[in-house]
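Report on one structure; see the data block that follows.
The values are calculated or read from the model by the stated rules, or taken from the named source; none is laboratory data. All figures in this text were calculated on a predicted structure; none of them were measured in a lab. Cβ placement follows ideal geometry from the backbone for every residue including glycine, while neighbour counts extend to all protein chains displayed.
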Amino acid sequence: MILLLLFLAITQFSNADEPFDVRKHLATVTRYADSKDISANSFVSSEIPDQCTPIHLNLVARHGTRAPTKKKIRELDALDAHLEVLVRDAKEHKQYSEKIPSWLAGWRSPWKGKVTGGELITEGEDELYHLGIRVRERFPDLFNEEYHPDVYSIKTTQVPRASASAVAFGMGLFNERGKLGPGRHRAFAVTSESRASDIVLRFHDCCQSYKAFRKSQEPNVNKLKEPLLNEITHELVRQYGLNFTNQDVSSLWFLCKQEASLLNITNQACSLFSPSEVSLLEWTDDLELFILKGYGDTLNYRMGVPLLEDVVQSMEQAIKAKEEGYATGIYEKARMRFAHAETLLPFSCLIGLFLEESEFERIQREESLELPPKPPKNRNWRGSNVAPFAGNNMLILYSCQSDNSSKYFVQVLHNERPIALPGCHGSSFCPFEIFKDKIAAPHLKHDYNMLCNVIEQKQKDSAST
């Protein structure tokens, strides 16, 4: 408790001019608009020379803000029932009932009775729709062609919230480019692979080795979280006189994230936690994200090699079209993909985002990294930044007319902002040859089937010991 109070005092002192906003600390449940100002350090992006022209765009995006899944709705239903019992028991003891927050009396889950979940909500549609508008405005030369699916490719997983996100994005991207209705919309193609065989966008779902790894690691993640949950649970019991369990606190934190992100309510479940407790709970989410989906194990991201291969191949095809002088309208100018946090996170790791240069060199040597530091220390790895709702990476391929040895460069935008590439000496504007040879090639030497087939992986591990 003393440590929590000390951290709170430090936080309040260091951010005296910036009020604490819980909506910026919701890990991967953070809304896109709230995440865009989140950054662990300032980064001055490389200037794009005047003689450079964008010739191709790759987009990897997460779906927009969505409703809770059916599994999480059941968890909130269980919380609903248990809180009712706790409040009733506390009211029998007057000294405790006076501590109960007024909103808790009679609280019911907003999703109670729902039998479906996980769908894209209106706010999520809006996020992707306006992202599409901004992308076209930012790169007018790339989107000045008459629409054709071979020129503007839109791919998605078969999960409805991802495909709905792709449609919302396309409606923004091609806004007023057609003749349908008052908005002058136009039809466009959105394609997907079967869930059972989509190793480009749902590689995590098809990778048996990863499923086994994740199952083996989940108990360790829970063990890491337990001391902090114990401490916060003890404090909430003392403060409110309700006999909370660790599971209650975990569910209340999830409720806080859903209320703040989906309903813009911050004075109910979120008000139970102090800013320091919110920051620490956010850190536990980031820890889980790091271990199970991020840099915690090379398999987490190397299973995404089919996606990285697809991105590099699309750039090579664009360079070929440029070199051979293909006529406009017959080659691809943009390849846009809509998927999930489990897709975006590994892809971010494959291109080395959110690392210091020394850390990038370690993952190239397949060495493990330290866990994200605990607050109040700063960390680059924050779910609210790396994979919020509608989070995205754009890789823009430029053709440059200059005397330099490299004619083609790649700029990486994370959530629409240039981001440092440790594999390219911290620049956000990287010669294509360096991007391909130093950043991509060390991963592309791995074969997806060898990585993801449990039996083959075990044989490989046995042979190396």
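The single residue among 16, 61, 40, 9 that is within 19 Å of residue 348 (Cβ to Cβ), aliphatic (A, V, I, L, M) and modelled with pLDDT under 95 turns out to be 40.
Evaluate the stretch 363-378: report whether one residue or more is basic (Lys, Arg), touching a residue at least 60 places away in the same chain (Cβ under 8 Å) and surrounded by 17 or more Cβ atoms within 10 Å (Cβ to Cβ). Taking every residue of the stretch 363-378 in turn, none turns out to be basic (Lys, Arg), touching a residue at least 60 places away in the same chain (Cβ under 8 Å) and surrounded by 17 or more Cβ atoms within 10 Å (Cβ to Cβ).
A single entry from 325, 352, 329, 304 fulfils the requirement of being surrounded by fewer than 17 Cβ atoms within 10 Å (Cβ to Cβ) and closer than 25 Å to residue 436 by Cβ: 325. With respect to being surrounded by 24 or more Cβ atoms within 10 Å (Cβ to Cβ) and either closer than 26 Å to residue 166 by Cα or at pLDDT 95 or above (or both), residue 319 falls outside the description. When the residues of the stretch 402-415 are filtered to those that are in a loop (DSSP other than H, G, I, E, B) and touching a strand residue (DSSP E or B) at 6+ places or on another chain (Cβ under 7 Å), the one that is surrounded by the fewest Cβ atoms within 10 Å (Cβ to Cβ) is 406. Among (1) small (Gly, Ala, Ser); (2) modelled with pLDDT of 95 or more; (3) farther than 17 Å from residue 290 by Cβ, which single condition is residue 327 missing? Result: residue 327 passes all but (2).
Would you check if residue 133 is closer than 30 Å to residue 52 by Cα and of a type in the set (A, V, I, L, M)? The answer is yes for residue 133. Of all residues in the stretch 389-401, one or more are more than 30 Å from residue 120 (Cβ to Cβ), in contact (Cβ under 8 Å) with a residue 60 or more places away in the chain and in a loop (DSSP other than H, G, I, E, B).
Taking the criterion of being of a type outside the set (Val, Ile, Thr) and under 20 Å from residue 66 (Cα atoms), the residues of the stretch 378-418 that qualify are 382, 383, 384, 385, 387, 388, 389, 390, 391, 392, 393, 415. Annotation: of all residues in the stretch 447-459 being surrounded by 14 or more Cβ atoms within 10 Å (Cβ to Cβ) and not polar (S, T, N, Q), the one that is modelled with the lowest pLDDT is 456.
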